[in-house]
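Visitor: Have a look at this one before I ask anything.
The values are calculated or read from the model by the stated rules, or taken from the named source; none is laboratory data. For clarity, every value in this text was computed on a predicted model and none was experimentally measured. Here the Cβ is made from the backbone with ideal geometry for all residues, glycine too, and neighbour counts use every protein chain on show. Protein only, heavy atoms only, side chains kept; ligands, DNA and RNA dropped before computing areas. Shrake-Rupley method; radii C 1.70, N 1.55, O 1.52, S 1.80 Å.
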Amino acid sequence: MRKVIILGILVLFMGSVVLASTSFEKEYSEKIDPSIIKSFNSGEEKVDVIIELNRDTEPKRNFLVNIFKKSPKNVSEILGNKIQHQSKGNILLRLTPDDLKRLEGNLQIEKIIKLKKIHAFLGDSVNIINATNTWNLQSSLSMINLTGLHQSVCIIDTGINMSHPDLNSSYLGGYDFVNGDTDPSDDHGHGTHVAGIVGASGGIVGISPNVGIVAIKVLDDSGSGSISNLISAIDWCVNNASQFNITTISMSLGCNATIDGYTSSCDTISDGCGNVLLASSINSAVANNISVLAATGNYGNDTAISSPACIINTTPISSTTKLDEISIFSDRNFLVRLFAPGTDINSTRWSPSGTLNGCKSYNGNYMICSGTSMATPMVAGAIAIINQYLDRKSTRLNSSHIPLSRMPSSA
């Protein structure tokens, strides 16, 4: 009899759990991204989300204050450090299930969306774009060769191997947003390869061999990372631009709302890629005369590209082969301004024994890889050279100045 009673209690308990779970899903089915509920029900304790406010919510900056009827200080105490970023009616929060319940039924909220992850898009190229010809040129104002000297590129990626013999003289500093420290060491390989294309100087030579490299790590050892860290990384590059003379931000990474990407500019599209918040940070960079470059993606799509390449003030970069034909994997559409070689590019290897998906050949400190990831730093290195020249004339190139390029022969 005792066993029957215990069994009955267990059945009732399990039934209440199922009902609670079902109720939880139904309760939030209107405004809440189902993947948030799925994450919580699968055991995740915290989820990064975007809260999109109604357009008529005023004033937006006091949204959380209005919800909790508390002072800004007390709101901060309630949510702790969960507030990651906020701009233009979008708030990026790191929520627990209890936090989500606090927002239940608030009429100011249009929707709550789970953030997606960003991913990496996976120097014989130097001669292809005639960089060597440029190195021999000199500014008439300084008589210094144009090699990217006194310019810096902020490379937002997996970090770099700053002790690599071809990169150690170029590395100036940086930050690791994955681990929260000032050591952006590469434990994946993608960022080191990208950095070498920009500014290697040694066994191989990058596009601008005297450029400074600032490494910002937002991608982990699997090549993925958070939108929140990407936004923080862009802001870091802007805030430290004067210290390092950062003139360009290079991002060989991206997020796709779907595999189809974006067919037009995405600045106002509120989805799991955090475009509204990304656009705010990118606009700030461009306003500070920093060119922002982003890889378009590697799905082979000819009508859509990924985020943040789809943001208006970003310069999207697509890939060509060494025969000046569009790479079969390269995403592109009418937003794309520039193409650069991205197929079979030899550059720096993160370690003599390190391998990387998408790369097919390894030789000591070097490896050959393909992707729009490889095309993007090509342009970053070229812009560093242009800015070196323009600096002598007290001007600066930014993304609004970059002209539409000639389309490759297979366009």
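Visitor: Go through region 168-186 and report how many residues are open to solvent by 50 Å² or more (accessible area, probe 1.4 Å), modelled with pLDDT under 95 and either hydroxyl-bearing (Ser, Thr, Tyr) or under 19 Å from ASN229 (Cα atoms) (or both).
Guide: 1
Visitor: Can you name the condition, by its number, that ASN357 falls short on among (1) farther than 22 Å from ASN168 by Cβ; (2) touching a helix residue (DSSP H, G or I) at 6+ places or on another chain (Cβ under 8 Å)?
Guide: (2)
Visitor: Looking only at region 299-313, which residues are assigned to a loop (DSSP other than H, G, I, E, B) and of a type in the set (Ser, Thr, Tyr)?
Guide: Scanning region 299-313 gives TYR299, THR303, SER306.
Visitor: Based on this model, can you work out whether PRO316 counts as of a type outside the set (Gly, Ala, Ser), open to solvent by less than 50 Å² (accessible area, probe 1.4 Å), at pLDDT 95 or above and part of a strand (DSSP E or B)? Quick ask: steps written out before the conclusion?
Guide: Working: of a type outside the set (Gly, Ala, Ser): yes; open to solvent by less than 50 Å² (accessible area, probe 1.4 Å): yes; at pLDDT 95 or above: yes; part of a strand (DSSP E or B): yes.
For PRO316, the condition - of a type outside the set (Gly, Ala, Ser), open to solvent by less than 50 Å² (accessible area, probe 1.4 Å), at pLDDT 95 or above and part of a strand (DSSP E or B) - is met.
To keep it simple, each residue is scored yes or no on (1) modelled with pLDDT of 95 or more; (2) in a strand (DSSP E or B); (3) farther than 22 Å from CYS359 by Cα.
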| position | (1), (2), (3) |
| --- | --- |
| GLY191 | yes, no, no |
| ASN229 | yes, no, yes |
| CYS237 | yes, no, yes |
| ALA257 | no, no, yes |
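Visitor: Name every residue in region 346-360 that is assigned to a loop (DSSP other than H, G, I, E, B) and not β-branched (Val, Ile, Thr), in order of residue number.
Guide: ARG349, TRP350, SER351, PRO352, SER353, GLY354, LEU356, ASN357, GLY358
Visitor: Please name all residue pairs, on different chains or six or more residues apart, with Cβ atoms under 9 Å, provided the first residue is in region 181-202 and is over 24 Å from ILE383 (Cβ atoms) and the second residue is of a type in the set (Phe, Trp, Tyr) and at pLDDT 95 or above.
Guide: Within 9 Å, the pairs are ASP181/TYR175; THR182/TYR175; ASP183/TYR175.
Visitor: Can you find a residue that is within 18 Å of ILE118 (Cα to Cα), of a type in the set (Gly, Ala, Ser) and not in a loop (DSSP other than H, G, I, E, B) anywhere in region 319-331?
Guide: no
Visitor: While we're here: Restricting to region 319-340, and then to whatever is among the aliphatic types (A, V, I, L, M), over 22 Å from SER264 (Cβ atoms) and surrounded by fewer than 22 Cβ atoms within 10 Å (Cβ to Cβ), can you tell me which residue is nearest to the chain's Cα centre (by Cα)?
Guide: The residue in question is ILE328.
Visitor: Criterion first (assigned to a helix (DSSP H, G or I) and either open to solvent by 30 Å² or more (accessible area, probe 1.4 Å) or modelled with pLDDT under 95 (or both)) does ASN210 satisfy it?
Guide: Considered against the rule, which asks whether it is assigned to a helix (DSSP H, G or I) and either open to solvent by 30 Å² or more (accessible area, probe 1.4 Å) or modelled with pLDDT under 95 (or both), ASN210 comes out as no.
Visitor: Looking at SER242 and the list (1) surrounded by fewer than 18 Cβ atoms within 10 Å (Cβ to Cβ); (2) small (Gly, Ala, Ser); (3) closer than 18 Å to CYS310 by Cβ, which single condition is not satisfied?
Guide: (3)
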